[in-house]
Amino acid sequence: MTALVIVLGIALLIGLLLFLSLTVVVEASNSRTLLEARYAFFHFRLYDSLEQAEKKQKKQKKQKKRPVAKEGTNGKKRRPAEKEKRSLSEWAALIHDLIYSVCRGSSRLWRKIRVEGLEVSMVAGGEDACQAALNYGKISAAVYTVLGALKSLLSVSVKAVEIQCDFDAPTTCYRLHAKVKVRIFVLIAAAVRMAYHFLAHTYRRRSSEKAEPQVQQPQRAQA
């Protein structure tokens, strides 16, 4: 009885974890772009433009301080790494298989992705009033076109969209905030479908490629 209770508890816990949503918080502005992933009680920072800029500056400083190594000082010759070279046709076939598997496997995924609390705030500016007005028109057309395309693919909940024009502003300012949510079991199911379609399509393609020479050989013998 105790073992059954433990098994049921583990099954319920796994079911709860699969039912929870993976949330990606997107924040973007002129000064910073931030991507954070949240799942249950865990938080992961995926990308921070300020941190990337600091790392780049530190790397550049280290490269300036580090002396340039001269080739041939240690008397050892560098051996070229042996890499398997694939023909262009093989790479094209592999890319085709990947695109096919992603399209077939993610067909049911898009409508399961939810975009909540979408906030878009933009103030169009320019060098002069004419340029600011032109930027305002371009930004308005682009924002509402992209928003319409997103609504046709995903489940989007818009909190606020504000587009203004400031004839005195020298540049355009923007701010974007949104939460992208998808349940874990939906991601796992989509990944399994992609892997299945990729393996099945690749197997059929290779089987047909092997069958073509066998069909051509009897034709040459008859000729």
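Computed from the coordinates by the stated procedures, all read-outs in this text should not be read as laboratory data. Keep in mind it's a predicted model, so treat the numbers as computed, not measured. Note: ideal-geometry Cβ built from the backbone for every residue, glycine included; neighbour counts use all protein chains shown.
Here is how the numbers come out for the structure above:
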read-out: Gain upon complete extension [residue 143, residue 47; 0.36 nm per residue less C-alpha separation]; value: 32.2 nm
read-out: Gain upon complete extension [residue 204, residue 187; 0.36 nm per residue less C-alpha separation]; value: 3.5 nm
read-out: Long-range tail of P(r) for the stretch 116-160 (Cα pairs > 11 Å, %); value: 69 percent
read-out: Interchain or long-range residues, amide H under 5 Å from residue 183's placed H; value: 22
read-out: Volume per residue of the C-alpha convex hull in the stretch 154-199, rounded to whole Å³; value: 128 Å³
read-out: 173, 165 arranged by Cβ crowding within 10 Å, fewest neighbours leading; value: 173, 165
read-out: Karplus-derived HN-Hα couplings along the stretch 177-189 (A = 6.51, B = -1.76, C = 1.60, θ = phi - 60°), whole Hz, x at Gly and Pro; value: 9, 7, 10, 9, 10, 8, 6, 5, 5, 5, 5, 5, 5
read-out: Ranked list, fewest to most other Cβ atoms within 10 Å of each Cβ, for 100, 144; value: 144, 100
read-out: Lys, Arg +1 and Asp, Glu -1 on Cβ, resulting dipole of the stretch 138-202 about Cα centre, debye, nearest 20; value: 400 debye
